[in-house]
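The values are calculated or read from the model by the stated rules, or taken from the named source; none is laboratory data. Keep in mind the model is a prediction, meaning the values are calculated, not measured. Cβ placement follows ideal geometry from the backbone for every residue including glycine, while neighbour counts extend to all protein chains displayed.
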Amino acid sequence: MLRIDVVTIFPELFEPFRAVGVLGGAIERGLLSLAAHDLRRWTRDRHRTVDDIPYGGGPGMVMKPEPLVEAAEELAGPKHPLRVARVLLLAPQGARFHQAKAAALARESHLVLLCGRYEGVDQRASELAADEELSIGDYVVSGGEAPAMVVIEAVSRLLPGVLGNPESSAAESFQQGALEAPHYTRPAEFRGCAVPEVLRSGDHGRIRAWRATQSKVRTQRRRPDLQAAPCQTGEQ
Ligand code: JCQ
């Protein structure tokens, strides 16, 4: 059972998210718990302030450190002695999130995801509260909520028992580092475009070989940066 706590100024964003699909099913079956907490719960002033102007000047606002650090400490315990939870701050400056990272996080027992907003969070919040900063890619979005959802989706589907068909995760983990072959379903012809004949042949050996080749060619052409897994069929 993996416990995930999210700290955000928009906890309501996570209500529909946690209700549907693979994630909703996993929560329903008790394989995962997901709670979204309002950061303002850890404010003390009458306006429940979570941001302030930047030291040194410049545009926008910066998230104050106190609410984030107190939230992380209440949910995960103090950073230093023996914290079991991993506290992650979603930020464009973080280390890039990838499939192997998702697999590592799926082996944890408790994740706390801190969502920033505005121009960023006070550096001390990152240092005092977070164990690591994670980025989902080189673009800026308005808050850490969408990036947190990406991490939650990627991690939750790797938890034991979450995916119905164990082959789908096995196939994908084998494919790790390579793009998948194209997929087709009915009709066999649509607007003059036919499904490749091999997929309709019923010859599972040929199908496997075709998919392996497609996977390899696609990876080479579209994502030459990926380190492709060795081809299982030996097909070139
Ligand atoms: C995450 N790639 C992009 C936006 C401030 C920590 O402070 C902030 C966080 C965000 C949201 O994260 C991203 C992001 N991975 O933009 C502003």
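Residues of region 115-140 that are closer than 21 Å to Arg40 by Cα, near the ligand (Cβ under 8 Å from one of its atoms) and not in a helix (DSSP H, G or I): Cys115, Gly116, Arg117, Tyr118, Glu119, Gly120, Val121. When region 83-96 is filtered for residues that are in a loop (DSSP other than H, G, I, E, B) and touching a helix residue (DSSP H, G or I) at 6+ places or on another chain (Cβ under 6 Å), the ones remaining, listed by number, are Arg83, Ala85. In region 39-52, the count of residues that are under 22 Å from Val84 (Cα atoms), crowded, with 17+ Cβ neighbours inside 10 Å and out of contact with any Phe, Trp or Tyr (no Cβ under 6 Å at 6 or more places or on another chain) is one or more.
Taking the condition away from the ligand (no atom under 11 Å from the Cβ) and either surrounded by 15 or more Cβ atoms within 10 Å (Cβ to Cβ) or modelled with pLDDT under 95 (or both), does Val112 pass?
For Val112, the condition - away from the ligand (no atom under 11 Å from the Cβ) and either surrounded by 15 or more Cβ atoms within 10 Å (Cβ to Cβ) or modelled with pLDDT under 95 (or both) - is met.
Pairs linking a residue in region 37-65 that is closer than 20 Å to Val112 by Cβ to a residue that is acidic (Asp, Glu) and surrounded by 10 or more Cβ atoms within 10 Å (Cβ to Cβ), with Cβ atoms under 6 Å and 6 or more positions apart or on different chains, are Trp42/Glu70; Met63/Asp51; Lys64/Asp52; Pro65/Asp122.
Six or more apart or on different chains, Cβ atoms under 8 Å: show the pairs whose first residue is in region 3-17 and within 14 Å of Trp42 (Cα to Cα) and whose second is buried (at least 18 other Cβ atoms within 10 Å of the Cβ) and among the basic types (Lys, Arg). Filtered contacts from region 3-17: Ile9/Arg117.
Screening Ser173 with (1) surrounded by fewer than 14 Cβ atoms within 10 Å (Cβ to Cβ); (2) modelled with pLDDT under 95; (3) closer than 27 Å to Pro16 by Cα gives one miss only, at (3). The combined condition, being under 22 Å from Leu128 (Cα atoms) and in contact with a His (Cβ under 9 Å, 6 or more places away or on another chain), is fulfilled by Ala76. Picking from residues in region 144-155 that are buried (at least 18 other Cβ atoms within 10 Å of the Cβ) and not in a loop (DSSP other than H, G, I, E, B), the one that is farthest from the ligand (Cβ to nearest atom) is Val155.
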